[in-house]
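I'd like to ask you about the structure that follows.
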Amino acid sequence: MKNSTTLATIGLKLADLEKMVTPSGYINLTMEISDKQNEYGNNISLWQSQTKEQRDAKAFKSYAGNGKVLWTSSSDVYKAVKV
């Protein structure tokens, strides 16, 4: 297995996160690193984790934030990183 390191910056909005706290006090997030940047240069999205049933039903995602890869040691992570 090849080791890789990725450095990213992520912005989260506190008001959105407060709505996602579970009864046990946790926030469960899913993160996606895309190989394409949006119009703001971001290629990372974070949203509240969904159950398999929600994913299968293509339920609305509650987004928590976004960000960008700043540097990676692996071409497998993001081939178009511009440092």
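Each value in this text was obtained by applying a stated rule to the coordinates, not by laboratory testing. Since we're looking at a predicted model, the values are computed, not measured. Reconstructed Cβ throughout: ideal geometry from the backbone, glycine too, with neighbour counts over all protein chains shown.
Given Lys13/Lys58; Lys19/Lys61; Lys13/Lys36; Lys13/Lys61, which pairs have Cα atoms separated by over 21 Å? Spell out each step's value before the answer.
Numbers: Lys13/Lys58 24 Å; Lys19/Lys61 13 Å; Lys13/Lys36 23 Å; Lys13/Lys61 15 Å.
Long pairs (Cα-Cα over 21 Å): Lys13/Lys58; Lys13/Lys36.
Rounded, prolate or oblate: which one fits the chain, using the alpha carbon gyration tensor with axes a ≥ b ≥ c (rounded when a/c is under 1.5, else prolate when a/b beats b/c, else oblate)? Display every interim value, and only then the final one.
Details: a/c = 1.92, a/b = 1.73, b/c = 1.11.
It is prolate, given that a/c is not under 1.5 and a/b is the larger ratio.
I've got another one for you. With a 10 Å cut-off between alpha carbons and a GNM built on the chain, which of Lys58, Lys19, Lys68 moves the most?
Lys58
Report the calculated FRET efficiency for Ser24 and Lys58 (r = Cβ-Cβ distance, R0 = 41 Å), to the nearest 0.05. Write down the numbers at each step before the final one.
Numbers: r = 27 Å, r/R0 = 0.66.
For R0 = 41 Å, the calculated efficiency reads 0.90.
Is it possible to state the helix-based mean residue ellipticity at 222 nm for the chain, with each DSSP H run of 4+ residues giving -39500 (n - 2.57), the sum divided by total residues, to the nearest 500 deg cm²/dmol? What is it?
Working: 2 runs with 10 residues, N = 83.
The per-residue figure over the chain is -2500 deg cm²/dmol.
Relative contact order of the chain, please, whole-number percent, based on alpha carbon pairs below 8 angstrom and at least 6 residues apart. Before the final figure, lay out the partial values.
Values: 124 pairs, mean separation 32.5, N = 83.
About 39 percent, as a whole number.
Same structure again: Karplus couplings for the stretch 47-63 from phi (6.51 cos²θ - 1.76 cosθ + 1.60, θ = phi - 60°), rounded to Hz, Gly and Pro as x?
Each residue's phi maps through the Karplus curve to give 9, 5, 4, 10, 6, 4, 5, 5, 5, 4, 7, 6, 5, 4, 8, 8, 6 Hz.
Next up: How big is the dipole moment of the chain about its Cα centre under a simple scheme where the beta carbon of each Lys and Arg is +1, that of each Asp and Glu is -1, and everything else is neutral? Debye, nearest 20, please.
On the way: 11 positive and 8 negative charges, 28 e Å.
My answer is approximately 140 debye.
Could you work out the local net charge near Ile27, counting Lys and Arg as +1, Asp and Glu as -1, over the other residues with Cβ closer than 15 Å to its Cβ? Let's see the in-between values first.
Values: positive: Lys13, Lys19, Lys61; negative: Asp16, Glu18.
After counting each charged neighbour, the total is +1.
Amide H to amide H under 5 Å from Gly65: which residues, 5+ apart in sequence or cross-chain, H placed 1.01 Å off N in plane?
Leu46
OK, next. What are the ³J(HN,Hα) values, in whole Hz, obtained from phi via the Karplus relation 6.51 cos²θ - 1.76 cosθ + 1.60 with θ = phi - 60°, for each residue of the stretch 65-70 in sequence order, with x given for Gly and Pro?
Once θ is set to phi - 60°, the couplings for the stretch 65-70 become x, 8, x, 8, 6, 8 Hz.
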